[in-house]
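S.K.: Input: one structure, supplied below.
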Amino acid sequence: MVFGTTYRGRLRHLTFTSRRGRNRRKATFQTLIAAAGIQPGQRVLDVGCGTGYFVRLISAALGPSGFAVGIDPSPAMVEYARRRAAGITTSQFQAGNAEALGFPDDYFDVVVSSLVMHHLPEDLRTRALL
Ligand SMILES: C[S@@+](CC[C@H](N)C(=O)[O-])C[C@H]1O[C@@H](n2cnc3c(N)ncnc32)[C@H](O)[C@@H]1O
């Protein structure tokens, strides 16, 4: 991930691409998986999945009998996430918004979302959390 040549850009580049940065990101998401109580065999939704990194880790935690779905309104993100998860048969990515989920109630055992809610205007945020 390259953010540019400014000092701030270089700092972010180092943060996300160094080995320590990657390990820290993985540890953070593993902590979130544990905190969400995700168990093998469950169905899990990640709202605003971005690159699909979290979904890939969740799929590993769910094992072969579980299923993880990532949704994101950005077609480019969905396409990227699909490419990165190619070969993981227990995950799926599709276009979708937090405020208008297209799944039946109780379809998922766990719903997670990371770094998304602050992107939504307040009225949509409230709807997304209902
Ligand atoms: C900062 S990224 C976080 C990506 C990922 N969850 C992570 O933690 O790495 C924010 C994501 O929220 C998505 N997003 C923006 N508006 C959204 C909405 N209304 N519903 C769901 N996702 C949304 C963006 O497309 C983007 O992929």
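S.K.: Under 6 Å by Cβ, and 6 or more places apart or on different chains, what pairs join a residue from region 61-80 that is farther than 24 Å from Ala35 by Cβ with one that is of a type in the set (Asp, Glu) and at pLDDT 95 or above?
M.R.: Val78/Asp72
S.K.: Under 6 Å between Cβ atoms, at least 6 apart or on separate chains: pull out the pairs that start in region 105-116 with a residue that is within 14 Å of Val47 (Cα to Cα) and end on any residue that is near the ligand (Cβ under 9 Å from one of its atoms) and not basic (Lys, Arg).
M.R.: So the pair list comes out as Val112/Asp46; Ser113/Val47; Ser113/Gly48; Ser114/Phe54; Val116/Gly48.
S.K.: A follow-up question, please. Could you grab me the full set of residues in region 92-106 that are under 13 Å from the mean Cα position of the chain (by Cα) and away from the ligand (no atom under 14 Å from the Cβ)?
M.R.: The answer is Gln92, and nothing else.
S.K.: Quick one: count up the residues across region 26-43 that are within 13 Å of the ligand (Cβ to nearest atom) and either of a type in the set (Phe, Trp, Tyr) or within 24 Å of Pro75 (Cα to Cα) (or both).
M.R.: Within region 26-43, residues that are within 13 Å of the ligand (Cβ to nearest atom) and either of a type in the set (Phe, Trp, Tyr) or within 24 Å of Pro75 (Cα to Cα) (or both) number 1.
The values are calculated or read from the model by the stated rules, or taken from the named source; none is laboratory data. What you see is a predicted model; the values in this text were computed from it and never measured. Note that each Cβ is placed from the backbone with ideal geometry, even for glycine, and that neighbours are counted across all protein chains shown.
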